[in-house]
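These notes concern the structure reproduced below.
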Amino acid sequence: MADTRKPGSKNPPRLWREPRTFDVFDAGGRFLGTVVAPRHTQFEFRRGLQLWGVTRGEFDEQYVVRYRIEPVTR
């Protein structure tokens, strides 16, 4: 995260954090939807609207996680 203050400023830094948002596409390039995942998550496999991955906990332990892709409604 970048410090947004001007050089020499005595104001506290303003930190901007965005949620980790990923757009998911199939092999043909068709947009399937969006997944929001916490930091330290690595995606491994997708089938249909399910996405599996591995995330790390507070003590660097690993967890297998499953996400549901939210399809775009038009």
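The values are calculated or read from the model by the stated rules, or taken from the named source; none is laboratory data. Quantities reported herein were computed from a predicted structural model and do not represent experimental measurements. Every residue, glycine among them, receives a Cβ derived from its backbone with ideal geometry; neighbour counts consider all protein chains shown. With ligands, DNA and RNA removed, areas are computed over all heavy atoms of the protein, side chains included. Shrake-Rupley method; radii C 1.70, N 1.55, O 1.52, S 1.80 Å.
Structural remarks
- Scanning the stretch 1-48 for residues being small (Gly, Ala, Ser), at positive phi and within 16 Å of the chain's Cα centre (by Cα) gives a total of 1.
- Selected residue (criterion: modelled with the highest pLDDT) from residues of the stretch 28-43 that are open to solvent by 100 Å² or more (accessible area, probe 1.4 Å) and either more than 23 Å from Glu18 (Cβ to Cβ) or not charged (D, E, K, R) (or both): Gln42
- Scan of the stretch 50-74 for residues that are part of a strand (DSSP E or B) and either open to solvent by less than 60 Å² (accessible area, probe 1.4 Å) or at pLDDT below 90 (or both), ordered by number: Gln50, Leu51, Gly53, Val54, Thr55, Val65, Tyr67, Arg68, Glu70, Pro71
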